[in-house]
Amino acid sequence: MSDKALSISTGSSSSSTTAQKKEIYTWTASWPVYALASSNLSVMTYAAGSFLEEYSNKIQILQLEQDRGELVVKSTIEHPYPATRLQFAPESLGKEYLATSGDYLRLWTVGADGESKTDGIFSNVSPFSYLAPQTFFSVEAKKFTPNTPPPVPPRSLTRQQTTVLP
C-alpha cells in the first residue's frame, strides 16, 4: 500500500449462514497522507491531512456512504503548512469539532454533511517573538459542576501578526 492510500476495516462482520465477512474500505488521496483522525461522534467519519512541501496543504473529511459502500470526501479544508496532528473532540461535547496543529492550533466545526468552518485560531505568541510550530495537543472533555470554577480561557486568541525585525 502506498503512502497515499488508506484502508479502514470496520471490525464489524455481516453474518451469513456459513461465513462471516469483514468489510474493508479504501480511499486514495492525491497527496501523501501525514495525519489521520477518526471521529468519536459520527460513525465512519475520518479526517486525513496532507504532507506537501509548500505553504498550502489540505485536510479532507471522509465519510462512509453505506449505499455506495465507499468512503467519500465530504469537504476539503485548506490548511497552511502540513497539519502535524488531527484530533476530533470527545463525544461528550455533543458537537463535532476537529482540532489541528501546525503553525497555530486551529479549531473547526464539522457539520453532519461534512462541511467544515473555522471556529478559532489559538496562539500564545507575542507580537515580538518568532513563530514556533505547534506540534502536539490533546483534547479532553471535562465536566464542570456548579461549584467548580469555569476553565481558564487560552492566553490569546489572535489573528496572525507579522513583525519585521531589523
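Readers should treat all values here as calculations from the given coordinates under stated rules, not as data from a laboratory. None of the values given here were measured: they were computed from a predicted structure. A quick note on method: Cβ atoms are made from the backbone with ideal geometry, for glycine too, and the neighbour counts reach across all protein chains shown.
Extension gain, T109 to M44, is 21.7 nm, computed as 0.36 nm per intervening residue step minus the present C-alpha separation. Only aspartates and glutamates eight or more places from K95 in sequence, or on another chain, were considered; those with a Cα closer than 16 Å are D113, E115, D119, E140. Between D119 and E78, the simple label model (points 7 Å from Cα in the Cβ direction) yields a spacing of 2.3 nm.
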